[in-house]
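Colleague: Encoded as structure tokens, here's the structure I'll be asking about.
What follows draws every value from the coordinates through simple rules; no lab data is involved. Note that the structure is predicted; figures quoted are calculated from it, not measured. Glycine gets a Cβ as well: all are built from the backbone with ideal geometry, and neighbour counts include every protein chain shown.
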Amino acid sequence: MASPVITDECTLCGVCEIECPVEAIFEGDDHFEIDPDLCVECEGYSDTNLCIATCPSDAIVLP
């Protein structure tokens with residue numbers, strides 16, 4: 001599976017970065033970004049992708 005991606009709808013609130021259990025999310029130039037090499041899609045941590053579930057602007061989507 002492909003890891004989630006953060007779209008331009010990101011408001012830089014930082015909630016996703018805080019919720020990521022493997023620290024795969026970081027602040028990019030225009031919005032937060034997800035490192036696909038680190039992302040485990042919360043497998044072993046949650047039944048859902050925590051970043052998607054907690055994003056208040058719905059800026060994180062599955063490709």
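Colleague: Whether any residue in the range 38-59 is surrounded by 12 or more Cβ atoms within 10 Å (Cβ to Cβ), touching a strand residue (DSSP E or B) at 6+ places or on another chain (Cβ under 7 Å) and in a strand (DSSP E or B) is what I want to check.
Modeller: Pass one, the range 38-59, residues surrounded by 12 or more Cβ atoms within 10 Å (Cβ to Cβ): 38-43, 45-46, 49-55, 57, 59.
Next cut, touching a strand residue (DSSP E or B) at 6+ places or on another chain (Cβ under 7 Å) only: 51-52, 59.
From what's left, in a strand (DSSP E or B): none.
Looking for residues that are surrounded by 12 or more Cβ atoms within 10 Å (Cβ to Cβ), touching a strand residue (DSSP E or B) at 6+ places or on another chain (Cβ under 7 Å) and in a strand (DSSP E or B), one finds none in the range 38-59, hence no.
Colleague: Please go through the range 1-17 and pick out each residue that is of a type outside the set (Ser, Thr, Tyr) and within 17 Å of ASP58 (Cβ to Cβ).
Modeller: PRO4, VAL5, ILE6, ASP8, GLU9, CYS10, LEU12, CYS13, GLY14, VAL15, CYS16, GLU17
Colleague: Let me ask something else. Identify, from the list SER46, SER3, the residue that is touching a Pro at 6+ places or on another chain (Cβ under 7 Å) and not acidic (Asp, Glu). If you could, list the steps in order and put the result at the bottom.
Modeller: Values: SER46 fails: touching a Pro at 6+ places or on another chain (Cβ under 7 Å).
Every option except SER3 fails the conditions.
Colleague: Counting only residues that are of a type in the set (Val, Ile, Thr), farther than 15 Å from SER3 by Cβ and touching a residue at least 40 places away in the same chain (Cβ under 8 Å), how many does the range 13-63 have? Talk me through it step by step, then tell me what you get.
Modeller: Of all residues in the range 13-63, those of a type in the set (Val, Ile, Thr) come to 15, 18, 22, 25, 34, 40, 48, 52, 54, 60-61.
With the extra rule that they be farther than 15 Å from SER3 by Cβ, the set shrinks to 15, 18, 54.
Checking which are touching a residue at least 40 places away in the same chain (Cβ under 8 Å) leaves us with 15.
Qualifying residue count for the region: 1.
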